[in-house]
Amino acid sequence: MVLWGGCVSEGCEGRSRVLFNTYQFTVVFVPLALLTFYLLRRFAPSSLALASIVVASLLFYAYWRADYVPILVLSILIYYGIGAAILAWPGLTARVALFVGVTFNRPIPRDVGQV
């Protein structure tokens, strides 16, 4: 979903770039995201307000490269599960979960899938 035609990756010729310091981000996106968050925090359950920030973040990344959103969602779910495991199982199991989380939380090489 493209709201105002932005792109920051290579291969986006003819499209403007949307970064954290652009007018689109600072004048449109951030105020709308914060307004939504504060309205939901005031008039709805706090979990809904927090979910709005997650959705806003995913929309921002989808605006950049929509094909990366499933990877981002999968990463969020995996590391949320690892964090829950660390809290639920103290001791050695928590250390193993922490090791797994840190080990696999590394950048994916750009040329994956282009072999």
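The values are calculated or read from the model by the stated rules, or taken from the named source; none is laboratory data. Everything quoted here is computed from the prediction, not taken from an experiment. Cβ sites come from the backbone with ideal geometry, for glycine too, and all protein chains shown count toward neighbours.
Which of the residues that make up the stretch 33-42 are among the hydrophobic types (A, V, I, L, M, F, W, C) and either surrounded by fewer than 13 Cβ atoms within 10 Å (Cβ to Cβ) or touching a residue at least 40 places away in the same chain (Cβ under 8 Å) (or both)?
Start the filter on the stretch 33-42 by keeping residues that are among the hydrophobic types (A, V, I, L, M, F, W, C), which leaves 33-35, 37, 39-40.
Answer for the stretch 33-42, where residues must be among the hydrophobic types (A, V, I, L, M, F, W, C) and either surrounded by fewer than 13 Cβ atoms within 10 Å (Cβ to Cβ) or touching a residue at least 40 places away in the same chain (Cβ under 8 Å) (or both): 35, 39.
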Would you mind stating whether residue 93 is outside the structural domain of residue 33 (by TED's automatic domain parsing), part of a helix (DSSP H, G or I), more than 21 Å from the chain's Cα centre (by Cα) and loosely packed, with under 14 Cβ neighbours inside 10 Å?
yes
